[in-house]
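The values are calculated or read from the model by the stated rules, or taken from the named source; none is laboratory data. Just so it is clear, the model here is predicted, and its values are computed rather than measured. All Cβ positions, glycine included, derive from the backbone under ideal geometry; neighbour counts span all protein chains shown.
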Amino acid sequence: MAAPFDMSKNVAESIDQLIGHTPALYLKNLNNTKATIVLKLECDNPMSSVKDRLALAIYDKAEKEGKLIRGKSIVVEATSGNTGVALAHLGAIRGYKVIITMPESMSLERRCLLRIFGAEVILTPAALGMKGAMAMAKKIVAANPNAVLAEQFVTKYNALIHEETTGPEIWEQVHHNVDCFIAGVGTGGTITGVARALKRFGSHARIIAVEPMESPVLSGGKPGPHKIQGIGAGFVPAVLDRSLIDEVFCVSGDDAIETALKLTRSDGVYCGFSGGANVYAALKIAERPDMEGKTIVTVIPSFGERYLSTVLYKSVRDEVSSLPVVDASELQD
C-alpha cells in the first residue's frame with residue numbers, strides 16, 4: 001500500500017496515497033444505550049467505499065508478483081458494485097482494461113461510475129445472484145489469455161489488506177480499547193482481516209458478523225433475494241475465516257434501510273444499505289446488559305449517494321419528484 005502521509009500538511013503524489021487512513025466517529029445522537037459505538041468511516045476513501053483498499057492491494061501485490069502487466073493485462077471481476085468501481089478507478093490510472101460482471105439488480109449509479117472510468121459492464125440475471133456474475137467472469141477469463149480474475153472472494157490480498165491497514169487504524173483510533181467489532185459479510189475480507197489484527201494486538205474483542213435475514217447462509221439457512229446490497233452473497237466466501245467469528249447477527253432489509261435513513265438525519269452519516277445494517281446490529285447489541293460501558297466498533301462501508309436510484313432512497317425520490325413548483329406570478333413585483 002502507498003506510504004501513509006499527513007494529509008493535512010502534504011499534497012499527494014497520486015490518488016492511491018489517499019486510500020485508507022479513514023476517520024472514526026462516535027455515534028452520539030442515534031445511540032441511546034450505555035455502550036460506546038464507534039463508526040469507521042470507510043466511505044471517506046477516494047471512491048467512497050471500503051473496496052478502495054482491496055483494489056489497491058490487488059493491483060500493488062499482483063503487479064509486484066508479475067501477475068498483472070500494465071497495458072497488457074485485462075482485469076476481470078464479478079462484483080456487486082463497489083469493488084468494480086474501485087478496480088475501474090485504479091485501472092484507468094494504471095492503464096488496464098477492466099471488465100466487470102454484476103447482477104442486474106445493482107444500482108444504476110454503480111453502472112454509471114464503472115463506465116465513467118472506462119470499464120466494460122456485463123449484467124447477469126438477478127435471480128442467479130453473485131454466483132451468476134462469477135460464472136460469467138470465469139467464462140471471460142477462460143476465453144482470453146491476457147485476462148486475469150481479481151477474485152475478491154478468494155484472494156489472499158482481501159483479508160490481508162485489512163489486517164495490515166484497517167485493523168491497526170481502528171486499534172489506534174480507539175486507543176487499544178475494542179470490546180466488540182461488527183461488520184457485514186460480503187467477501188468476508190473486512191471482518192477477517194480486522195479480527196486477525198485485533199487478536200494479534202492481544203484484544204479479546206467479540207467478533208460479530210452481519211448478514212441479511214432474508215439470506216441467512218452463515219446462520220445455516222438457505223440463500224435468497226434480499227435488499228442489502230454489498231453483503232449476503234448467497235454462499236460462504238473462501239476469504240471468511242469462520243474460526244474468528246463469535247456470533248452471526250441477522251438484519252432485515254427493512255431495518256437496514258430504516259437505520260440508514262435515521263443515521264443520515266441524526267448523526268449526519270450518509271451511508272448505503274450495509275452501513276445501515278451494521279449500525280442496526282451495533283445498536284441492538286449495545287442494548288445487551290453485558291455491553292454496558294463497553295466499546296463497539298463497526299464500519300460504514302460506502303457513501304449513500306451511490307444508492308439514490310435504489311429502494312434505499314425510494315421514499316425520498318417519491319417525495320421530491322412530486323414537489324410543487326411555485327407559480328411564476330407569485331415572484332413578480
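Of note:
- Candidates 204, 226, filtered to the one that is at pLDDT 95 or above and over 14 Å from residue 191 (Cβ atoms): 204
- Failed condition for residue 126, given (1) in contact with a Ser or Thr (Cβ under 7 Å, 6 or more places away or on another chain); (2) surrounded by 16 or more Cβ atoms within 10 Å (Cβ to Cβ); (3) farther than 23 Å from residue 242 by Cβ: (2)
- Wholly within the range 77-167, strands (runs of 3 or more DSSP E) carrying at least 1 residues that are among the charged types (D, E, K, R) and either more than 19 Å from the chain's Cα centre (by Cα) or at pLDDT 95 or above (or both): 97-103, 120-124
- Subset tally (residues that are acidic (Asp, Glu), out of contact with any Ser or Thr (no Cβ under 7 Å at 6 or more places or on another chain) and crowded, with 23+ Cβ neighbours inside 10 Å) for the range 41-64: 1
- Of the residues making up the range 187-222, those that are surrounded by fewer than 20 Cβ atoms within 10 Å (Cβ to Cβ) and within 20 Å of the chain's Cα centre (by Cα) are 196, 214, 216, 217.
- Checked against (1) surrounded by 24 or more Cβ atoms within 10 Å (Cβ to Cβ); (2) of a type in the set (A, V, I, L, M); (3) closer than 22 Å to residue 173 by Cα; (4) touching a Phe, Trp or Tyr at 6+ places or on another chain (Cβ under 7 Å), residue 38 meets all criteria but (1).
- The set of residues from the range 126-164 being aliphatic (A, V, I, L, M), out of contact with any strand residue (DSSP E or B) (no Cβ under 6 Å at 6 or more places or on another chain) and closer than 28 Å to residue 214 by Cβ comprises 127, 128, 130, 135, 154, 159.
- Contact map, the range 92-115: residues that are within 16 Å of residue 69 (Cα to Cα) paired with residues that are of a type in the set (Ser, Thr, Tyr) and buried (at least 16 other Cβ atoms within 10 Å of the Cβ), Cβ distance under 9 Å, separation 6+ or inter-chain. Pairs shown: 94/59; 96/59; 96/73; 97/73.
- The selection criterion, being on the phi < 0 side of the Ramachandran plot and in a helix (DSSP H, G or I), does not hold for residue 183.
- Flag for residue 325 being of a type in the set (Val, Ile, Thr), loosely packed, with under 12 Cβ neighbours inside 10 Å, within 24 Å of residue 113 (Cβ to Cβ) and free of Cβ contacts under 8 Å to residues at least 24 places away in the same chain: no
- Test: residue 174 is surrounded by fewer than 22 Cβ atoms within 10 Å (Cβ to Cβ), closer than 29 Å to residue 284 by Cβ and hydrophobic (A, V, I, L, M, F, W, C): yes
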